[in-house]
């Protein structure tokens, strides 16, 4: 299969690889996919408590080149957005940006799911924190 | 010498045509273009003579009588002709056929078609080393079983089935035995004078011959009958009509002649390369070898690099032409059914790499391959959340994953 130049570029130079401390309240962690399906994405967002903006993001992905590129791309796109704004990132935009072929659309869907999972984890933990 | 890129390590998919084979083929395209079926002039006579000489070379490699060799377009056609041909000819004796879950699609899909025609097929499991348990086969054979089909060498994992023992069992129980030997010729010694095999499919392009030509061995003593699937001029004793492609036949004949002459020394050299590749890679943490390591052709090494997805690994090692059992290398999104049949988990099947080496592989290429693979496995594990969890002591099989 031929990959688009953008997929290759993200695969060769993935952005924001790594992990934050999950227990930190400013962090939201989303892990989606399943090893049996050949894709697992872990996306973490770091929200600045003063501004309410995502100031940093990190990912780790087990999956094909398109899955790696999709998650690398969203770590760039979520930065500077509020968690709610991050939810507006749609898989179709990811697929379009990376020129994913139809058989790889599920990679962009997974990346969108990872954002949703990370934001909901962040919100849940901060709702808890607010109550205490 | 610096190897030129990419390094070809996919001999299981196809092999380059040996330059000596190309040389032998060329005159039969232009200068000697005759139809071997033309009985009325010299163009036909010389074409017929070279076709028969080539048939002799193919027969010699497997210890058969030249009259037992039927030309086809390749092993897929041979498998179709053997299975459909035998099933249809012997259907009054019974309607049950047996094969194995790790067979090539050319056998499995043909069996599916026979099911649609009203035959019943049993698909046998293999042991976790990829080999067939003879007791499982023995239990599966019924009074109405007419055909058993088991491949000689597996295309994905390179394991060698015990064809002599399976054949002996089929003979004793009065069942026709077909063997897909596409991946076996030139790699293992085949002697049809000894092996109790009734039908055997042969390919040219896995043994340094051209694509588009193959053969089916049809035993004469005891005589095995098949119904033709291709009708026309009654070529190949009525079993397979169609004008014989002289140049292709010459290519397959020459390739098999060379294989017969050189396979002894070649296998030793390739075994040395396989050991070098294995030694280089087996030190990597969480690496699993798929298929029995002893009962295997030296040309094949199939490994799973746990926590690294196969397609992303192939993307990283772009200097190497290999294949993977990962779903993502096919359109189906299902990981290799062969590795699944060994009882490998989906994730290990997704993490597999099939490396197949051959006549033109070199020590330098193996060393480059080892370095490239090790480097990329390490890089991708740094990117892998599963590797991170493994390193943190979390057993990923205990996690409830959401399927997608």
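Per-residue answers, yes or no, for (1) surrounded by 20 or more Cβ atoms within 10 Å (Cβ to Cβ); (2) without any contact (Cβ under 8 Å) to a residue 40 or more places away in the chain; (3) within 30 Å of residue B:189 (Cβ to Cβ):
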{"site": "B:34", "(1), (2), (3)": "no, no, no"}
{"site": "B:38", "(1), (2), (3)": "no, yes, no"}
{"site": "B:47", "(1), (2), (3)": "yes, no, no"}
{"site": "B:56", "(1), (2), (3)": "no, no, yes"}
{"site": "B:60", "(1), (2), (3)": "no, no, yes"}
{"site": "B:74", "(1), (2), (3)": "yes, no, yes"}
{"site": "B:82", "(1), (2), (3)": "yes, no, yes"}
{"site": "B:87", "(1), (2), (3)": "yes, no, yes"}
**OP:** Name, by its number, the condition in (1) modelled with pLDDT under 95; (2) under 15 Å from residue B:312 (Cα atoms); (3) over 15 Å from the mean Cα position of the chain (by Cα); (4) more than 9 Å from chain B (Cβ to nearest Cβ) that does not hold for residue A:37.
**Re:** (4)
Original post:
Of the residues B:56, B:34, which is touching a helix residue (DSSP H, G or I) at 6+ places or on another chain (Cβ under 6 Å) and assigned to a helix (DSSP H, G or I)?
Top reply: B:56
**OP:** Among the numbered conditions (1) within 14 Å of another protein chain (Cβ to nearest Cβ); (2) surrounded by fewer than 20 Cβ atoms within 10 Å (Cβ to Cβ), tell me where residue B:292 comes up short.
**Re:** (1)
Subject >> Residues of segment B:206-223 classified as closer than 22 Å to residue B:148 by Cβ and touching a helix residue (DSSP H, G or I) at 6+ places or on another chain (Cβ under 7 Å), total >> reply: 7
**OP:** State which residue is farthest from the other protein chains (Cβ to nearest Cβ) when the search covers only segment A:1-16 and only residues that are outside any loop (DSSP other than H, G, I, E, B) and buried (at least 17 other Cβ atoms within 10 Å of the Cβ).
**Re:** A:10
**OP:** Look at segment B:372-397 and say how many of its residues are within 10 Å of chain A (Cβ to nearest Cβ), more than 16 Å from residue B:317 (Cα to Cα) and touching a residue at least 60 places away in the same chain (Cβ under 8 Å).
**Re:** 3
Subject >> In segment B:129-164, the residues that are assigned to a loop (DSSP other than H, G, I, E, B) and more than 19 Å from the chain's Cα centre (by Cα) >> reply: B:133, B:141, B:142, B:143, B:144
**OP:** Count, please, the residues in segment B:315-340 that happen to be touching a strand residue (DSSP E or B) at 6+ places or on another chain (Cβ under 8 Å) and either more than 9 Å from chain A (Cβ to nearest Cβ) or at pLDDT 95 or above (or both).
**Re:** 9
Original post:
Could you count how many residues in segment A:40-65 are out of contact with any strand residue (DSSP E or B) (no Cβ under 6 Å at 6 or more places or on another chain) and facing chain B (nearest Cβ under 8 Å)?
Top reply: 2
Original post:
Pick from segment B:257-282 the residues that are assigned to a helix (DSSP H, G or I) and touching a strand residue (DSSP E or B) at 6+ places or on another chain (Cβ under 8 Å): which of them is surrounded by the fewest Cβ atoms within 10 Å (Cβ to Cβ)?
Top reply: B:278
Original post:
Hey, among the residues in segment A:17-34 that are more than 18 Å from residue A:77 (Cβ to Cβ) and in a loop (DSSP other than H, G, I, E, B), which one's nearest to the other protein chains (Cβ to nearest Cβ)?
Top reply: A:19
Original post:
Could you count how many residues in segment A:92-108 are within 14 Å of chain B (Cβ to nearest Cβ) and crowded, with 20+ Cβ neighbours inside 10 Å?
Top reply: 6
Original post:
Can you name the number of the only condition in (1) modelled with pLDDT of 95 or more; (2) over 15 Å from residue A:111 (Cα atoms); (3) part of a loop (DSSP other than H, G, I, E, B) that residue A:46 fails?
Top reply: (3)
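The values are calculated or read from the model by the stated rules, or taken from the named source; none is laboratory data. Just so you know, these numbers come straight off a predicted model, no measurement behind them. Heads up, the Cβs are rebuilt from the backbone with ideal geometry, glycines too, and the neighbour counts pull from every protein chain shown.
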